[in-house]
Amino acid sequence: MRSIRRTTLFLALSVFAAGFAGSAFAQRDCSWCTAIYDACMVQPDADQGLCAREHNYCAEPINCPLMPEF
């Protein structure tokens, strides 16, 4: 009986920890990529397509929304 309780407790804690870790990885911070785009766009000869491409290079590996490259 004691072994079943210990196993059940271990499984419950493992599921909780996996869920917590999954939610932590699911959160992404896309603000750095947006800052790259904003810094590019304030340049005097800014090209929206090139700035979007720079943003997308940053955003794609971390699964952030991509910008259209016109």
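What distance in nm lies between label points placed 7 Å from Cα along the C-beta direction at Asp45 and Cys30?
3.0 nm
What does the highest-first list of 56-62, 39-45 look like by mean Cβ count within 10 Å?
Values: 56-62: 14.0, 39-45: 10.1.
For the peptides 56-62, 39-45, the packing ranking is 56-62, 39-45.
Gain in length, Asp38 to Glu69, computed as 0.36 nm per residue apart minus the alpha-carbon separation, to one decimal in nm? Numbers along the way, then the final one.
On the way: separation 31, 0.36 × 31 = 11.16 nm, distance 1.48 nm.
9.7 nm is the gain from fully extending Asp38 to Glu69.
Taking amide H positions as placed 1.01 Å from N in the peptide plane, with prolines and chain starts having none, which residues 5 or more places from Cys64, or on another chain, fall under 5 Å of its amide H?
Under 5 Å from the amide H of Cys64 lies no amide H from a residue far enough along the sequence or on another chain.
FYI, it's all coordinate maths here, none of it is from the lab. Not measured: the values here are computed from a predicted model. Cβ sites come from the backbone with ideal geometry, for glycine too, and all protein chains shown count toward neighbours.
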